[in-house]
1. Here's a check for you: in region A:37-53, which residue that is more than 6 Å from DNA strand D (Cβ to nearest atom) and outside any loop (DSSP other than H, G, I, E, B) is nearest to the other protein chains (Cβ to nearest Cβ)?
2. Kindly establish whether residue B:180 is at positive phi and assigned to a loop (DSSP other than H, G, I, E, B).
3. May I ask you to list the residues in region A:114-138 that are without any contact (Cβ under 8 Å) to a residue 40 or more places away in the chain and under 22 Å from residue A:97 (Cβ atoms)?
4. Which numbered condition trips up residue B:95, out of (1) more than 27 Å from residue A:96 (Cβ to Cβ); (2) in contact with a helix residue (DSSP H, G or I) (Cβ under 8 Å, 6 or more places away or on another chain)?
5. Looking for something under 14 Å from the mean Cα position of the chain (by Cα), away from DNA strand C (no atom under 15 Å from the Cβ), assigned to a helix (DSSP H, G or I) and away from chain B (no Cβ under 14 Å) - is there at least one such residue anywhere in region A:58-65?
6. Among the listed residues A:4, A:44, identify the single one that is at pLDDT 95 or above, more than 27 Å from residue B:56 (Cα to Cα), within 15 Å of DNA strand C (Cβ to nearest atom) and loosely packed, with under 13 Cβ neighbours inside 10 Å.
7. Is region B:177-189 home to any residue that is crowded, with 24+ Cβ neighbours inside 10 Å and within 9 Å of another protein chain (Cβ to nearest Cβ)?
8. For region B:82-97, check the following and say yes or no: at least one residue is away from DNA strand C (no atom under 16 Å from the Cβ), surrounded by fewer than 21 Cβ atoms within 10 Å (Cβ to Cβ) and under 14 Å from the mean Cα position of the chain (by Cα).
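The values are calculated or read from the model by the stated rules, or taken from the named source; none is laboratory data. A quick note: this is a predicted structure, and the numbers were derived from the prediction, not measured. Virtual Cβ from ideal backbone geometry, glycine too; neighbours counted across all protein chains shown.
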DNA sequence: AAATAAACTTGACACCGTCAAGTTTCGGCT
DNA sequence: AGCCGAAACTTGACGGTGTCAAGTTTATTT
């Protein structure tokens, strides 16, 4: 082993997750290599097995962190109670797109990969938390102040989520090439204009 | 070589594409194996190299076929000139989601993979054709009968595309687990209700 | 019929994920 | 304090992967 390091790393699990995140941000999720992650963390190729069952296990944990970060991004951008519910939903959407662009590989891992195990309770919890945040903003917008679920609230949340997710995915994957490169302000305006029609018609029944 | 086959296959290129499509539909893009595709086509592991530069080349061609099939699906479902433009846009959306569900791996290859080379003229042409089909339906809906592009038409097309793509991606990736399994009619209704607000407000300026 | 090109095979290489077995260190028990 | 088991980590092996180089077979051209 190298001189600096102890045999027992101490915080290898966290270190591996950090390394893996850098790994996929540089090489993309499709070129993920567990051995490279281990090397980056300065340990042998089989070391990760003691902290994660296999590569899928690591990617499951990483995906959970991805959803956590998505939620953090949304919360950081939330204008808060004083703002209108409509503004708050739009801010969520803008944060969602920000996340997709800034952490494209992680976004892909979360939404377009079969490698994470979505049965995993930790991942499920993190993914649901990010979704429920949006659901609660939509409910507030629709003045459904009750914590109870309404079928219609769910439908509307899914509609808004789809709109936001679609633009995030297409922008991050560079599929909207008839747009030039949008700066942040232009992007935010695009997202707002896309959400406008969905928020204008509450459509509660 | 096996008794039945000739040394020169004759139509190996097409055969490889067919085999690759089956391959990814069974194993997903993330587990794509060029050697397995070759084996499935009854040919040695290095044979594909004579028809495609490398695995990426094959996947580029396959992605182009994916966009072609997406367009075909949309055209097959188009109610035609007699229907309202709104109905035609909705049918496009329903076909898009159908495609994503029925050919999930291919959909992922087209929209959530870095492996195809999107600089490839063939792929670009196929992808653009599928997009332009939607753009023309939207233009018709907005009564912009001119073939000319309007900035606003582009924005509206992107908005509708994002909505459709979002619901397609989330449904196909099984991310809407608060919905039970939707049958085809329910799915179509969901898509229609999502597009309704976007089509109701032409918002041309 | 001979030469050339194309299609395909075989074998090698480095890299990959995972498993098994060995080594080092940590922590608790006596 | 000293031991001992468990945990953390390493080393080495295995089959599988994509790609390259070199050889063999078939088709086409001259």
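1. Checked region A:37-53; the qualifying residue nearest to the other protein chains (Cβ to nearest Cβ) is A:37.
2. Taking the combined requirement at face value, the residue does not satisfy it.
3. A:128, A:131, A:132, A:135, A:136
4. (1)
5. Yes, region A:58-65 contains a residue that is under 14 Å from the mean Cα position of the chain (by Cα), away from DNA strand C (no atom under 15 Å from the Cβ), assigned to a helix (DSSP H, G or I) and away from chain B (no Cβ under 14 Å).
6. That would be A:44, the only listed residue that is at pLDDT 95 or above, more than 27 Å from residue B:56 (Cα to Cα), within 15 Å of DNA strand C (Cβ to nearest atom) and loosely packed, with under 13 Cβ neighbours inside 10 Å.
7. Within region B:177-189 (the criterion being crowded, with 24+ Cβ neighbours inside 10 Å and within 9 Å of another protein chain (Cβ to nearest Cβ)), the answer is no, since none of the residues qualifies.
8. no
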